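Engineer: Dumping the structure here so I can ask a few things about it.
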Amino acid sequence: MELAWSDEFNVDGQLNSSYWSRVTQGGSDWNNTASDREDLVQVQNGNLSLYGVYDGSKYLTGAIESVGKKEFTSGQVQIRARMDMADGAWPALWMLGTVGGWPGCGEFDLVEHLNYSGRIHQTVHSEYTHGNTTPNDPDRNVRTTVDVTQYHIYSLEWDENAVTFMVDGNT
């Protein structure tokens, strides 16, 4: 399956503004610690680094989004990433649909990692998966044990019939 799009983060110090915007603080669980501090989002040596810090009174995190910049309805998405482990940390790399509100618009979590757990989650969120009372019909969450402190390729292949999650090419 063909890659839907890519960004290799190959220009030091800059996000590709045709793909990405910085996320600023909001009221949702996913953005309530987001900050536009320059030092929390860095591009260097082909890597995007997002940092979290405690500023003495609250936690702040770097975050980016592609809202209004890239859309696709099928293909392959790969993210090469590693994460640090920390109490309260919840790094997540995910894609959100653009039509309607959540969960109807759909969401694919390529990887979510909680605290010090050795397990990652790859999940589909939709009206069907959240309104369905029959467990695992279809299975909406894949849990895999990986060493998140090492680089892995988290990916998903998506077409009109199926969504397949992978870590390092393995389903």
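Engineer: Return only the number of the condition from (1) part of a strand (DSSP E or B); (2) at positive phi that residue 80 does not satisfy.
Structural biologist: Result: residue 80 fails condition (2) only.
Engineer: Tell me, please, whether a residue that is in a loop (DSSP other than H, G, I, E, B) and hydroxyl-bearing (Ser, Thr, Tyr) can be found in the range 154-170.
Structural biologist: no
Engineer: Moving on. Consider residue 140 against the criteria (1) closer than 30 Å to residue 46 by Cβ; (2) open to solvent by 60 Å² or more (accessible area, probe 1.4 Å); (3) more than 15 Å from the chain's Cα centre (by Cα); (4) of a type outside the set (Asp, Glu): it satisfies all of them except one. Which criterion is unmet?
Structural biologist: (1)
Engineer: Right, something else. Out of curiosity, is residue 50 touching a Gly at 6+ places or on another chain (Cβ under 7 Å) and open to solvent by 50 Å² or more (accessible area, probe 1.4 Å)?
Structural biologist: When the stated conditions are applied, residue 50 passes them.
Engineer: In the range 37-73, which residues are under 15 Å from residue 14 (Cβ atoms) and in contact with a Ser or Thr (Cβ under 6 Å, 6 or more places away or on another chain)?
Structural biologist: Correct list: 42 only.
Engineer: Name the single residue that is farthest from the chain's Cα centre (by Cα) among those in the range 35-47 being polar (S, T, N, Q), over 15 Å from residue 83 (Cβ atoms) and surrounded by 11 or more Cβ atoms within 10 Å (Cβ to Cβ).
Structural biologist: Residue satisfying both the conditions and the ranking: 44.
Engineer: Additional query: Given the criterion at pLDDT 90 or above, crowded, with 16+ Cβ neighbours inside 10 Å and not in a strand (DSSP E or B), identify the matching residue among 111, 148.
Structural biologist: Of 111, 148, the one residue that is at pLDDT 90 or above, crowded, with 16+ Cβ neighbours inside 10 Å and not in a strand (DSSP E or B) is 148.
Engineer: Quick one: is residue 123 under 15 Å from the mean Cα position of the chain (by Cα), open to solvent by less than 80 Å² (accessible area, probe 1.4 Å), in contact (Cβ under 8 Å) with a residue 12 or more places away in the chain and farther than 24 Å from residue 9 by Cα?
Structural biologist: Yes; evaluated as a whole, the condition is true for this residue.
The values are calculated or read from the model by the stated rules, or taken from the named source; none is laboratory data. All values derive from a computational prediction rather than experimental measurement. All Cβ positions, glycine included, derive from the backbone under ideal geometry; neighbour counts span all protein chains shown. Surface accessibility is based on the protein's heavy atoms, side chains included, excluding ligands, DNA and RNA. Shrake-Rupley method; radii C 1.70, N 1.55, O 1.52, S 1.80 Å.
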